[in-house]
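The values are calculated or read from the model by the stated rules, or taken from the named source; none is laboratory data. Bear in mind that the values here come from a model prediction, so they are computed numbers and not experimental data. Here the Cβ is made from the backbone with ideal geometry for all residues, glycine too, and neighbour counts use every protein chain on show. These area figures cover heavy atoms from the full protein model, side chains too; ligands, DNA and RNA do not enter into them. Shrake-Rupley method; radii C 1.70, N 1.55, O 1.52, S 1.80 Å.
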There are 2 protein chains.
Amino acid sequence: MVQDSIRILQAQGYKATKPRKLVLEVLEQIEKPLSPYDIQGILRQRGKYLNHVTIYRILDLLCSFNLAHKVLSSGGFVKCSLDAVEGCHRFMVCQDCGAIQEFADKELCQEENDLARNLGFHTEHHLSEFSGLCSRCYEK
Amino acid sequence: MVQDSIRILQAQGYKATKPRKLVLEVLEQIEKPLSPYDIQGILRQRGKYLNHVTIYRILDLLCSFNLAHKVLSSGGFVKCSLDAVEGCHRFMVCQDCGAIQEFADKELCQEENDLARNLGFHTEHHLSEFSGLCSRCYEK
DNA sequence: GGCTAAATGCAACAATATTGCAATTAGCCT
DNA sequence: AGGCTAATTGCAATATTGTTGCATTTAGCC
Ligand SMILES: [Mn+2]
Ligand SMILES: [Mn+2]
Ligand SMILES: [Zn+2]
Ligand SMILES: [Zn+2]
């Protein structure tokens, strides 16, 4: 829910503004990675206008609290779909339909950290995006 | 060696041109992610000129044969440092000094594939970049 | 040394992202 | 409800990154 994210922002002292709700709504409804300009275009279709700078700033804020993420393999942003899980948030992206699924696995993080440690590296964060086929597209 | 990469390109029917050698030289000498414009600037300092479009095209070509990679967390390109390993190529990037280390681990790939499969996803490629501290920077 | 397909340069443009400052607004306090 | 003020947004200008079509040059071959 948009309201959940808004409440988290308010708890941190940020205001519950109309532009923030609009961006959250779009991210929640369209569950595919969207660029700031994509979001602007979708809102324009709905008769709403936001400056792209505003959208950038809102996305930055959301990402800083892990309420949204930038998917680097496509450059778009998605709303976080996980809630109080352990381990870094990862994505699986379907090459065919663009569907995206987020997941986390604490043990996989641990294995990666151990592997890196053996190479002399102390890991603080993982970027992890898989591309392939979702179950729907695989049945073809 | 630059010559190794050049020979691989030639084996595929691509020419051993001066611009390609120049870009490979820079990537090999400066072992940090470099944007196409970074590369152009470094070459300019050396009295060489390449159009940025040319650099983009050369990097695309190198990446298509895994002779270089784009590091998405920084947007820069690095020369591939692995040779005939199994498993996808991954990166560890030091937050302090920017040092980058490439590695691969077939078993980690397998575990990731299995994990995704359990979520109904058929993985074809992994994007995997760790950020943290290299051993040198960790000793502080 | 000339021939030709491949590669590069050039110019124009498109997409993405950032900055400083003026105008607006959400939350708060009467 | 109305005013106050810091936070937020809009605007304008600019920077950075990436792409396209076509003219020019060059590597590899004879
Ligand atoms: Mn998440
Ligand atoms: Mn590699
Ligand atoms: Zn799919
Ligand atoms: Zn370091």
Problem - Exercise: per-residue mean of other protein chain Cβ atoms within 10 Å, B:74-85 - result: 0
Exercise for the section: Can you list the distances in nanometres, one decimal and ascending, from the B:L119 label point to the identical position in each other copy, with the point 7 Å along Cα to Cβ? Expected result: 2.2
Problem - Shortest-first nm distances, B:I30 label point to equivalent points in other copies (7 Å, Cα→Cβ) - result: 3.7
Fill in the blank from the handout: Distances in nm between the label point of B:P19 (7 Å along Cα→Cβ) and its equivalents in the other copies, shortest first, are 4.0
Completion exercise
Ignoring ligands and nucleic acids, B:M1 exposes an accessible area, probe 1.4 Å, in Å² to the nearest 10, of 130 Å²
Problem - Pairwise label distance in nanometres, A:S135 with A:K106, each label 7 Å out on the Cα-Cβ vector - result: 2.5 nm
Problem - 28 Å Cα-Cα threshold exceeded, pairs from B:K32/B:K106; A:K140/B:K70; A:K79/B:K32; A:K18/A:K79; B:K15/B:K79; A:K15/A:K79 - result: A:K140/B:K70; A:K79/B:K32
Completion exercise
Summing -39500 (n - 2.57) over every DSSP H run of at least 4 residues in the protein assembly as shown and dividing by its residue count gives a helix-only mean residue ellipticity at 222 nm, to the nearest 500 deg cm²/dmol, of -13000 deg cm²/dmol
Fill in the blank from the handout: Output field shielding_mean for B:109-116 (other chain Cβ, 10 Å radius) holds 4
Exercise for the section: Take the rotation relating chain A to chain B, measure from its axis to every Cβ in chain A, and name the nearest residue with the distance in whole Å. Expected result: A:L72, 2
Exercise for the section: Mind pulling up the Rg/Rh value for the protein assembly as shown? Radius of gyration and Kirkwood radius, both on Cα. Expected result: 1.00
Practice task
Kindly sort B:E102, B:E139 by accessible area of their heavy atoms, largest first, with the probe set to 1.4 Å.
Solution key: B:E139, B:E102
Completion exercise
With the convex hull built on the alpha-carbon atoms of chain B, volume per residue in Å³ sits at 136 Å³
Problem - Shielding by partners - mean other protein chain Cβ count within 10 Å, residues of B:91-103 - result: 2
